[in-house]
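Engineer: If you scroll down you'll find the structure; I have some questions about it.
Every read-out reported here was derived from the displayed coordinates using simple, explicitly stated rules and does not represent laboratory data. Quantities reported herein were computed from a predicted structural model and do not represent experimental measurements. Glycine gets a Cβ as well: all are built from the backbone with ideal geometry, and neighbour counts include every protein chain shown.
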Amino acid sequence: MKADLAFKTSVVSDITPALLAIGRDSFPDALIGALRRAAGVGHCMVFSFAGARSAACLLDVGNIPIGGDLGTAYSEHFHLSDPNRDAVFEGQAQTAPIVLPNFARRMYSDSYRKIFFDDSDIVDKFASAIWVDDTCYYVNFYQITEQGRFNRNQIARLTAIAPVVTAAVARHFQRDAIDADPMDRLKTLFATAEPFAALTGREKEVCLRILSGLSSEAIAAELGIGLHSALTYRKRAYDKLGISSQNELFAIALRLMASARRLN
């Protein structure tokens, strides 16, 4: 149990900078930095599907020099032969992120393998997707030959962070995303939106600092309270929210931020 908690805490701390960069120009760099810390990811590409035959490359960042060319080729026609395509579109009715099957070269056609793996030096990939209304955001994480394939620990960490990262990517790329600072938006949600509105003032302060990436020790120091008190406030807040981890706290916050966007 303690090992599992430490694992989740480490993973969430790694991706916090990307979550706080949502809506900012710094998001691509923050995202690849977070992915490298969390799971050693070399490159990340994000595509959107707005219909069965329409695709666009939204983001290309990392260590693949021809990433831009790959994005164009995929968007123009290779998305139609992506073996993940069926799983992505079958998940359209879901509101939660979809973690897609593990990579295997045999899943791809000869022409697909040549362009997207041989010519680009990609040796492994991990992917996830999320539907927001009629648009799908499809997030791909890559490794090149120099890095080798994702190991078991990296896959476990990617599996843990993929839902939150994918939701964050969708939030960032929604066209009418709010321009306000992410922490300002979170403070507004904590003040007005359920279930956060049910928390006491101190419980809100602790949760906001968890979302900003602070450790329990740092939270205690910043608020001028003891570590035991900080842990108690966190436990009380989690109990009221019906959660048990930082990952779940991030998921609630991102879901509420997306809901606020649809209502505006």
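Engineer: Under a point spin-label approximation (7 Å from Cα along Cα-to-Cβ), what is the E76-A193 distance to one decimal in nm?
Structural biologist: Taking the simple label geometry, E76 and A193 are separated by 4.0 nm.
Engineer: Write out the trypsin sites (Lys or Arg not before Pro) in segment 99-175 meeting two conditions: DSSP loop, and at most 10 other Cβ atoms within 10 Å of their Cβ. Kindly include the intermediate steps, with their values, before the conclusion.
Structural biologist: On the way: sites: R105, R106, R113, K114, K125, R149, R152, R157, R171, R175; in loops: R149, R175.
Those satisfying the criteria are R175.
Engineer: Could you pull out every residue, at least 5 positions away or on a different chain, whose amide H is within less than 5 Å of the one on V123? Hs are placed 1.01 Å off N in the peptide plane, and Pro or chain starts have none.
Structural biologist: Here the answer is Q143, I144, T145, since their amide H atoms fall under 5 Å of that of V123.
Engineer: Right, next: In what order do K187, K204 fall by count of nearby beta-carbon atoms within 10 Å, going from fewest to most?
Structural biologist: Details: K187 15, K204 20.
Final ranking by Cβ density, sparse to dense: K187, K204.
Engineer: Quick one: Karplus J couplings for segment 78-94, per residue in order, coefficients 6.51, -1.76, 1.60, θ = phi - 60°, nearest Hz, x for Gly and Pro?
Structural biologist: 6, 4, 6, 10, 5, x, 7, 4, 4, 5, 5, 6, 5, x, 4, 7, 7
Engineer: Could you list which residues have their amide H under 5 Å from that of V132, counting only those 5 or more apart in sequence or on another chain, with H placed in the peptide plane?
Structural biologist: When sequence neighbours closer than 5 places are left aside, the close amide H contacts are Y137.
Engineer: Angle, helix 246-263 long axis vs. longest principal axis of the chain, Cα atoms, 0 to 90°, nearest 10?
Structural biologist: Taking Cα atoms only, the helix is inclined about 80 degrees.
Engineer: To the nearest 10 degrees, how steep is helix 27-39 against the longest Cα principal axis of the chain, on a 0 to 90 scale?
Structural biologist: Rounded to the nearest ten degrees, it is 90.
Engineer: If you stretched the chain out fully between A221 and I66, how much longer would it get, using 0.36 nm times the residue separation minus the C-alpha to C-alpha distance? Spell out each step's value before the answer.
Structural biologist: On the way: separation 155, 0.36 × 155 = 55.80 nm, distance 4.64 nm.
Gain on stretching A221 to I66: 51.2 nm.
Engineer: With +1 on each Lys and Arg Cβ and -1 on each Asp and Glu Cβ, and nothing else charged, work out how big the dipole of segment 50-95 is about its Cα centre, in Debye to the nearest 20. Don't skip to the end; give the middle numbers.
Structural biologist: Values: 2 positive and 6 negative charges, 18 e Å.
The calculated dipole for segment 50-95 is roughly 80 debye.
Engineer: List the relative contact order of the chain as a percent without decimals, with contacts defined as Cα pairs under 8 Å and 6+ residues apart.
Structural biologist: Details: 366 pairs, mean separation 53.1, N = 264.
Reported as a whole number, the value is 20 percent.
Engineer: For E194, E222, E205, what's the fewest-to-most ordering of other Cβ within 10 Å of each Cβ?
Structural biologist: Numbers: E194 8, E222 14, E205 19.
Listed from fewest to most nearby Cβ atoms, that is E194, E222, E205.
Engineer: Helix-only mean residue ellipticity at 222 nm, the chain, DSSP H runs n ≥ 4 weighted -39,500 (n - 2.57), per residue, nearest 500. What is it? Provide the component values of the computation, followed by the final result.
Structural biologist: Numbers: 11 runs with 137 residues, N = 264.
Helix contribution divided over all residues of the chain: -16500 deg cm²/dmol.
Engineer: Evaluate E = 1/(1 + (r/R0)^6) for K114 and D86, where r is the Cβ-Cβ distance and R0 equals 25 Å; express this FRET efficiency to the nearest 0.05. List each step's numbers first, then the result.
Structural biologist: Values: r = 22 Å, r/R0 = 0.89.
Rounded to the nearest 0.05, the efficiency is 0.65.
Engineer: Further question: On C-alpha positions alone, give me the angle between the axis of helix 2-20 and the longest principal axis of the chain, in degrees, nearest 10.
Structural biologist: 80
Engineer: Then there's this: Want the number for K235 to N102: 0.36 nm per residue separation, take away the alpha-carbon distance, what's left?
Structural biologist: So the chain would gain 44.3 nm between K235 and N102.
Engineer: What length, rounded to one decimal in nm, is gained on full extension from R24 through to D184, with 0.36 nm per residue of separation minus their alpha-carbon distance? Numbers along the way, then the final one.
Structural biologist: Values: separation 160, 0.36 × 160 = 57.60 nm, distance 1.35 nm.
Fully extending the segment from R24 to D184 adds 56.2 nm.
Engineer: While we're here: To the nearest Å, what is the center-to-center distance of segment 11-84 and segment 101-141, using C-alpha atoms only?
Structural biologist: If you average the Cα positions of each part, the centres end up 11 Å apart.
Engineer: Got a sec to turn the phi values of segment 51-56 into Karplus ³J(HN,Hα) couplings, 6.51 cos²θ - 1.76 cosθ + 1.60 with θ = phi - 60°, whole Hz, x for Gly and Pro?
Structural biologist: x, 5, 10, 10, 9, 9
Engineer: In whole Hz and in residue order, list the ³J(HN,Hα) couplings for segment 109-120 that follow from phi through the Karplus curve 6.51 cos²θ - 1.76 cosθ + 1.60, θ = phi - 60°; x for Gly and Pro.
Structural biologist: 5, 4, 5, 5, 4, 4, 6, 8, 10, 5, 5, 9
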